[in-house]
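Only one structure is covered here, and it is reproduced in the block below.
The values are calculated or read from the model by the stated rules, or taken from the named source; none is laboratory data. Values in this document were obtained by computation on a predicted structure and should not be read as measured data. Here Cβ is always computed from backbone atoms with ideal geometry, including for glycine, and neighbour counts include all displayed protein chains. These accessible areas exclude ligands, DNA and RNA; they are computed on the full protein's heavy atoms, side chains included. Shrake-Rupley method; radii C 1.70, N 1.55, O 1.52, S 1.80 Å.
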Amino acid sequence: VKVEGLARVLDHVAKDRQVVVLTHDDRLPEAVRRLEMEATIIEVTRREQSVVELRTALDPVRRYIEDARAVALSKNLPPETHRVVPGFCRYALEAAAREVVTHRLAHEGKPYDEIEAAWDQATTLLMRLALAFFGDETRAGDVMTYLNRQSPAAADAVAICNRGAHKAVTREQQMTTIRDVEQLTARMREGTGDHR
């Protein structure tokens, strides 16, 4: 709540001046995104030999998908490294679900602490998707049926992400999963209707 308040104050101040904030805390950029404020978020990374790299920060969904793609396309990595691709894709799904849930509940007038409590009750990928799709984490058992009706490819991708790093997938499966997760998260973020 304090971070959201700070974001609102900075947004107000930024109406007629430039505001630059340096922080290690991810909560402020998250609040800025959640509140749909206009801002440029730049990540600063210190590489080997103190080389500093600046890049415009991607939103969490996009960042996880790009990380998954980077690993899948990397050559000369040990085979077990590719087990992280489903993990990155799972994080992308969870980030998109969180965005949908937060957006919906905020527009319903729920305070941020209630939104966080609702999210924290959903402890598995399927529960979080159920909360996003149906507004009810207890409907986790309906998620795969719903996805199979909408897009069997999306259902397959979610199944692979749900298994996570427990089972290796081929490079072809990795690229297919990344593509299908990218499409599913895009549909989720577009707000393709209330699925309740």
Might you report the magnitude of the Cβ-based charge dipole of the chain about its Cα centre, with Lys and Arg at +1 and Asp and Glu at -1, to the nearest 20 debye?
480
Which residue fluctuates the most in the chain, going by a Gaussian network model with Cα springs under 10 Å, if the choices are V21, V143, V158?
V21
Sorted by accessible surface (1.4 Å probe, heavy atoms of the protein chains only), largest first, E116, E48 come out as E48, E116
Loop-resident sites, the stretch 1-57, for trypsin sites (Lys or Arg not before Pro), counting at most 10 other Cβ within 10 Å (DSSP)
K15, R17, R47
In the chain, with Lys and Arg counted as +1 and Asp and Glu as -1 at Cβ, which of these residues, A117, M37, Q173, has the Cα nearest the positive end of the dipole, that is, farthest along it?
Q173
Around A122, what is the net charge, scoring Lys/Arg as +1 and Asp/Glu as -1 over all other residues with Cβ under 13 Å from its Cβ?
-2
Given the options F133, A95, S74, identify the residue whose Cα lies farthest towards the positive end of the charge dipole of the stretch 57-133 (+1 on Cβ of Lys, Arg; -1 on Cβ of Asp, Glu).
S74
Let me make sure I get this right: for the stretch 79-125, a, b and c are the square roots of the gyration tensor eigenvalues over alpha carbons, sorted descending. Under 1.5 in a/c it's rounded, otherwise prolate if a/b > b/c, else oblate. Which is it?
prolate
Need one word for the stretch 1-157: rounded, prolate or oblate. Basis is the Cα gyration tensor (sqrt eigenvalues a ≥ b ≥ c); a/c below 1.5 gives rounded, then a/b vs b/c decides.
oblate
Please list, ordered by chain and number, the residues whose modelled amide H lies under 5 Å from the amide H of G135; skip anything fewer than 5 residues away on the same chain.
none
Return the single residue from L73, L22, L58 with maximal mean-square fluctuation; model: Gaussian network over the chain, springs between Cα atoms under 10 Å.
L22
Residues other than L147 with Cβ under 11 Å of its Cβ, Lys/Arg counted +1 and Asp/Glu -1, net out at -1
Trypsin sites (Lys or Arg not before Pro) within the stretch 117-166, DSSP loop, no more than 16 other Cβ atoms inside 10 Å:
none
Sequence order, the stretch 175-186: Karplus ³J(HN,Hα) from phi using 6.51 cos²θ - 1.76 cosθ + 1.60, θ = phi - 60°, Hz rounded, Gly and Pro as x, gives 5, 5, 4, 4, 4, 5, 5, 4, 5, 5, 5, 4
For the stretch 24-32, what does the Karplus curve 6.51 cos²θ - 1.76 cosθ + 1.60, with θ = phi - 60°, yield as ³J(HN,Hα) per residue in whole Hz, taken in order and with x for Gly and Pro?
9, 8, 6, 5, 5, x, 4, 5, 4
Karplus couplings for the stretch 69-77 from phi (6.51 cos²θ - 1.76 cosθ + 1.60, θ = phi - 60°), rounded to Hz, Gly and Pro as x?
5, 4, 5, 4, 8, 5, 9, 6, 8
Among V52, V101, V84, which one shows the biggest mean-square fluctuation in a GNM of the chain, springs joining Cα atoms closer than 10 Å?
V52
Can you give the local net charge around I160? Use residues other than it whose beta-carbon is closer than 14 angstrom to its beta-carbon, Lys and Arg +1, Asp and Glu -1.
+2
Contact order normalised by length for the chain, with contacts defined as Cα pairs under 8 Å and 6 or more residues apart; what percent is it?
20
